[in-house]
Amino acid sequence: MLAIAAIWIAATSGMSWGEVRQWKVGTGGESWVAQELASTAVDFSAAETIKSLGFDPHNNITQQLSWVSARPIGFLAERAQAHVWDNTTLRESQLVIVDGRDTTSTGDRFKEFGVQQSGRRFEFDLGTRIPINRILFFPRPLGVDDQGRPYREDFIRSYGLFSSDGLSFTQDNRPDYSLLRQVEFTREDTAEILFPLQFIRFIRLHVNSPNPFEIAEFQLFGTGFAPQASYTSKIIDLGEAANFSRLEWTVEGLRQEATNQVVVEDPDAEVAIRMRTGRDDSPRVFFRLVDRFTREREVVTEDEYNKLGQNERGGFQDDQVNWSLWSSPFTASGQRITLPSPRRYFQFAITMKSQSILDGIQVTSLSVEHSIPPLAQQLIGEVSLLDEPRPPRSVAIVPVGQFVTFAYDLIADVAQTDIGFDAIRIFTPSSQPKFSELFVGDPPEKVEPADIVEELGSLTVLFPASHRITGRDVLQITFAAQVFVQGSFLNAEVFDTQSEEVPQRVLSGDANPEVTTNTLRVLTAAESAREVLSSFAVTPKVFSPNGDAINDEAMIALTLSQLVEPVEVEVAIFDLAGRRVRTWAGAEQSGNHLRPWDGRDGNERLLPVGIYLVKVLVDADQESFVQAETVGIAY
């Protein structure tokens, strides 16, 4: 019954099969531009790829940016558009100085007779950090005014140029500028400022001379890539509810070499992708203001909201009922999608980051694997202690590292068009579970599983053919397991052994009215919150490594808990003179760890009779934990 058996795939006639599909963007799929909702520092010049915005030293960077003549609202957030503005009261467009044409300029705006122009200030927000090492500005090089005076003579004779990298801000959240160049007086009509290559987002030009002036062009030059680029897709509609399985993508590294971007295999750059799924086509809830004084609001559609006057708009917020939160970043292609499904809609966001000013990255394709129809329309589960279905804090609280018996309740809603399922896999992080019982139906009927697989980290239960889930049904699985980390989730997925349909995740919720947890999360008791090395023992206390197969080894057992990432663990053995005779070291994670010792030193020589000290050291981030035990060797 408890034998570990292979999970089979058997074909059956007359069964509804789920079709595995791929939604794809990029090479061989949808257009990146057509699916774009918002982006920052992204280059769309190649039809089937998106890449970090890059620059070569001979091209004017201002012409690669989209400009708005206005002071931005706030400075902290990066944005898709660059902004240019000045400190005059007149709201005249400054786009002429970044339009790439030296025949257009600020004209007579700063040439009013009798007006001193010192104190004028021009400011630029490039929207994101950009590698720059050269800045130029100048008046129109050709032409004369109505008095016959050449335009090129109306240049700025004294100025200060300041910059900010977009990472440092003042206490009132304004850019923290540093001086790039101070020029007290110049006779050059073209200002050229050279400096070491660096990331710049904000630029401020102070005019310090009183003479009339104009600016025809403000130009920026540099080489390399923006350190971070982002792309957010529109809401993707799959047409019907789908079970999401995997997210895959292809990327290529880029490096700026002189004026060329070349593909490299080892860029100092990376891609991270997030995703969310939804039941409807809008991840936001919009409100109309019913009463301005009481702030009473009612829900309206997005179209209705957009038609409201400013005084009627009651704002909007994320829809956390019909849409999931954004996932943690996917960092490797082919990872499982563990977001709520089946869902009809999804959205994704890509971040491209570089740690080197000359390195970038491009995404050539992205695909979302899914299947239609799903296994079930809905899978809701909750976990509790078997003998405590209604805990005081509505969550199971267990002693760290100790075996306790859980009840896993599940309610499944399988429609006629769905595949159905005949197996469940419950994930028990770092613990090897022990199955107890399976109940199906309401009232519950005890069912003997077709097979059980107990592995480190998971429990798989296969149902007999008579209890395949093909409609609305309830299940309960009881099992014993250990919990090592505060706030662990006992997630689960169901699957079908009779088809190639991908597994479907179980979501938290109210699966049993007699249970009040409504969650798959489990807490550890408060007294064990800091128990990183929660247990340590050496057995037997005396062993005899003489080869007779009786007490030939001592077992060093330790339990680590509350670790979300592996830490360095050292197990060392000392003789009574304090000499180290054997050492094991490496990174370990939460869970039970066993290390047999055969009585030999590091050179595989048997040690003499005597008492030895076994010492374990756990080097956690902010604290170290040490315990020691003695063990004897006798022959």
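Remarks
- Close pairs from segment 161-177: first farther than 14 Å from Phe199 by Cβ and crowded, with 16+ Cβ neighbours inside 10 Å, partner of a type in the set (D, E, K, R) and at pLDDT below 95, Cβ under 6 Å, at least 6 apart: none
- Segments classed as strands (runs of 3 or more DSSP E), wholly inside segment 255-302, with at least 2 members that are basic (Lys, Arg) and modelled with pLDDT under 95: 284-291
- Qualifying residue in segment 580-594 (condition: in a loop (DSSP other than H, G, I, E, B) and surrounded by 19 or more Cβ atoms within 10 Å (Cβ to Cβ)): yes
- Residue check, Leu197 in contact with a strand residue (DSSP E or B) (Cβ under 7 Å, 6 or more places away or on another chain), closer than 21 Å to Gln63 by Cβ, crowded, with 19+ Cβ neighbours inside 10 Å and not acidic (Asp, Glu): no
- For segment 471-496, the set of residues classified as of a type in the set (Ser, Thr, Tyr) and crowded, with 18+ Cβ neighbours inside 10 Å consists of Ser488 only.
- Which listed residue is under 30 Å from Met275 (Cα atoms) and free of Cβ contacts under 8 Å to residues at least 60 places away in the same chain, from Ser458, Ser384, Ser431, Ser371: Ser458
- Here the condition is being of a type in the set (A, V, I, L, M, F, W, C), modelled with pLDDT under 95 and either in contact with a Lys or Arg (Cβ under 7 Å, 6 or more places away or on another chain) or over 19 Å from Asn87 (Cα atoms) (or both); of Ala216, Ala241, Ala191, it holds for Ala241 alone.
- Single match in Ala415, Ala407 (criterion: modelled with pLDDT of 95 or more and at negative phi): Ala407
- Among the residues of segment 583-625, those that are without any contact (Cβ under 8 Å) to a residue 24 or more places away in the chain and of a type in the set (A, V, I, L, M) comprise Ala585, Ala587.
- Long-range neighbours under 8 Å by Cβ, at least six apart or interchain, first residue under 18 Å from Glu369 (Cα atoms) within segment 26-39, second modelled with pLDDT of 95 or more and charged (D, E, K, R): Glu30/Lys24; Gln35/Lys234
- Residue in segment 606-613 that is modelled with pLDDT of 95 or more, under 47 Å from the mean Cα position of the chain (by Cα), of a type in the set (A, V, I, L, M) and closer than 28 Å to Leu456 by Cβ present: no
- Within segment 301-345, restricting attention to residues that are among the aromatic types (Phe, Trp, Tyr) and under 30 Å from Pro503 (Cα atoms), the residue that is surrounded by the fewest Cβ atoms within 10 Å (Cβ to Cβ) is Trp326.
- Total residues in segment 485-513, condition within 23 Å of the chain's Cα centre (by Cα), outside any strand (DSSP E or B) and at negative phi: 6
- The set of residues from segment 596-612 being part of a strand (DSSP E or B), surrounded by fewer than 17 Cβ atoms within 10 Å (Cβ to Cβ) and in contact with a Leu (Cβ under 9 Å, 6 or more places away or on another chain) comprises Arg600, Gly610, Ile611.
- Test: Asp319 is in contact with a Ser or Thr (Cβ under 8 Å, 6 or more places away or on another chain), farther than 19 Å from Arg505 by Cβ and at pLDDT below 95: yes
- Residue tally, condition charged (D, E, K, R), surrounded by fewer than 15 Cβ atoms within 10 Å (Cβ to Cβ), more than 22 Å from Ser209 (Cβ to Cβ) and modelled with pLDDT of 95 or more, over segment 90-149: 1
- Lone qualifier among Thr516, Thr559 - being surrounded by 15 or more Cβ atoms within 10 Å (Cβ to Cβ), assigned to a loop (DSSP other than H, G, I, E, B) and among the β-branched types (Val, Ile, Thr): Thr516
- Members of segment 440-456 found to be under 19 Å from Asn491 (Cα atoms), of a type outside the set (A, V, I, L, M) and surrounded by 14 or more Cβ atoms within 10 Å (Cβ to Cβ), listed by number: Glu454
- Strands (runs of 3 or more DSSP E) wholly inside segment 369-429 containing at least 1 residues that are closer than 19 Å to Ser341 by Cα: 378-385, 404-413, 423-427
- Test for Leu126: is it closer than 30 Å to Ser52 by Cα, of a type in the set (A, V, I, L, M) and touching a residue at least 24 places away in the same chain (Cβ under 8 Å): yes
- Scanning segment 332-347 for residues being within 13 Å of Glu369 (Cβ to Cβ) and either assigned to a strand (DSSP E or B) or charged (D, E, K, R) (or both) gives a total of 3.
- The one condition in (1) more than 27 Å from Arg201 (Cα to Cα); (2) among the aromatic types (Phe, Trp, Tyr); (3) touching a residue at least 24 places away in the same chain (Cβ under 8 Å) that Tyr305 fails to fulfil: (3)
The values are calculated or read from the model by the stated rules, or taken from the named source; none is laboratory data. If you're wondering where the values come from, they're calculated on a predicted model, not measured in any experiment. Every residue, glycine as well, gets a Cβ built from its backbone with ideal geometry; the counts of neighbours run over all protein chains shown.
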